[in-house]
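Remarks on the structure that follows.
Read the figures in this text as sums done on the coordinates, not as results from a lab. Nothing here was measured: the structure is a model prediction, and the numbers come from that model. Positions of Cβ are generated from backbone atoms using ideal geometry, with glycine treated the same way; all protein chains shown enter the neighbour counts.
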């Protein structure tokens, strides 16, 4: 194998700068920017005609941990940005005159996320996580300028997206109860607000048993909109004279599964809407006009998120097959694109390996994903690395990923899968994982090897599998129950679903019931799909990468699985990172993990 365009693990990790929380008002455009060099996320502002400026002083980092996955850690208030600080989970006001952040509320046993500024009543709305008892209680609250707290809604198990109309007369939100997830079944509610911001009796706008709603918003006419998947895709719905109804939009998902709070993949406009949606796995961005026509925007990019608007521009965080994430300003009239920050790859664009759409038969359907082929394949088909995303109800995108570019430069073909159960391909595709986790995902991973071998794209005798979190579970199941892969990697992966169900956090406490079944009534099914109980079926070497602060997949999962394999003499490598949680955030640890994984595969080629 050759490496015609070298890319080291450190370079690949350094390219992992990412953006979130894009917001705009008269004072400028704001975003949060994650830097893998130190794992911190900082607030930046760009004013017209000026270079971006970092507003976050040393010792602060923006990140909410509500539901463990967080999101919505920033909003723009009248006196400046308000954010959630990662270390203490308190809410702070960030003055724009250079003074230190001022604590508003939270910290200790209180977490906040999905921040929203209610300008009329002068308060920050938020999802509150009260951790004084376990499991935590969740509510919607309003935080006043002096930190005073008012409960707006409680009683449901989970809340998201508190949003007010511009005239301050109504409050809308999403809620759901256990055992459901925010991508299986939720409710959209609305309540009137009095002059003090106190809500009246709430009414249910939409709550179909086969419906998940997300991202409610009010338009300029104070009509309530949201994304609903009642017709099979997350599409815009709106209040009309005939009730809450679907609006004309492409038959495609306009959002991914809401693992994090604060998503912004669509916005109502004076004439229609601005939205991103997926076609064949590729993201599109468009603005629907009053005449019904949709103007496509930023067509060189293939994933969009964090949408924001002002009168002249739409803003977004976008990535492309040859570009990492960037902050874009798009002129609404002409469509002209300006990159404000980011978007610089660590490789010449001409040497970046672009994704090919991958659609192949598996089981009783078609599985999806993206294929990356190495620049120099040498003699014969290259070895194959099958990559399984986490979630498992998540999604992979056809955008520049420095880690994938690293793997193809190591000589691997990479199959980056959106197995059945992934989001982005409609509700039916997403629901295909119901009670079948550990089956259809494994079937799709193995079918990819067979399919790519038949097509001559990869050597099926030299196939490897890797996955993080839920993807680690799929990888371990594939190694335990199928003889397809030469070796595998589990990054903070699940090895014992029953043990996970006993210790995992509230947000996912019932997720396994949906994925596999009731832990008591369906115990035999759990046992049949537990890699730890079938360690004797694993003959292939395995590398385990685990953070010791992981609260989602606790280190004991990895320890037990590695010990079971070591006891049988199966080659095992275990790397533990004391300062990492669920997913690695520090550059040195990320680079070490990538190098260890690459060295491990090289041993078994």
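If you take the square roots of the eigenvalues of the alpha-carbon gyration tensor of region 85-196 and sort them as a ≥ b ≥ c, do you get rounded (a/c under 1.5), prolate (a/b over b/c) or oblate? The shape class here is oblate. Of 322, 276, the sequence from fewest to most neighbouring Cβ atoms within 10 angstrom is 322, 276. May I ask what percent, to the nearest 5, of DSSP beta bridges between residues of the chain are antiparallel? Looking only at bridges with both residues in the chain, the antiparallel portion is about 80 percent. With the convex hull of the Cα atoms taken as the outline of region 540-605, the averaged projected area works out to 4.4 nm². Kirkwood radius, region 1-139, all distinct C-alpha pairs, inverse of mean reciprocal distance: 16.2 Å. Counted by neighbouring Cβ atoms within 10 Å, the residues 351, 164 run from fewest to most as 351, 164. In plain terms, the chain from residue 523 to residue 148 could stretch by 130.2 nm, reckoned as 0.36 nm per residue minus the Cα-Cα distance. Per-residue ellipticity at 222 nm computed for the chain from its helices equals -4500 deg cm²/dmol, with DSSP H segments shorter than 4 residues left out and the rest contributing -39,500 (n - 2.57). Classification of the chain by its C-alpha gyration tensor yields a prolate form. The axis ratio a/c (a ≥ b ≥ c) is 1.5 or more, and a/b outweighs b/c.
The Rg/Rh ratio for region 339-461, using Cα coordinates for both the radius of gyration and the Kirkwood hydrodynamic radius, is 1.00.
A quarter of the convex hull surface defined by the alpha-carbon atoms of region 441-515 gives 5.4 nm² as the mean projection. Each part gets one Cα centre, and for region 114-150 versus region 186-201 those centres are 14 Å apart.
Between the alpha-carbon centres of region 210-272 and region 36-64 there is a gap of 31 Å. With coordinates expressed along the principal axes, the C-alpha atoms belonging to region 353-604 extend over 51, 39, 33 Å, beginning with the largest.
Once the chain from residue 38 to residue 559 is taken as fully extended at 0.36 nm per residue, the excess over their C-alpha distance is 184.8 nm.
Relative to its Kirkwood radius, the Cα radius of gyration of region 19-342 gives an Rg/Rh of 0.94. Among 425, 180, 222, the order by Cβ neighbours within 10 angstrom, fewest to most, reads 222, 180, 425.
Residue ranges 18-24, 339-345 sort as 18-24, 339-345 when ordered by packing (mean number of other C-beta atoms within 10 Å per residue, highest first).
Answer rounded, prolate or oblate for region 247-324, using the Cα gyration tensor with square roots of eigenvalues a ≥ b ≥ c: rounded when a/c is under 1.5, else prolate when a/b is larger than b/c, else oblate. It is rounded, given that a/c, with a ≥ b ≥ c, falls under 1.5.
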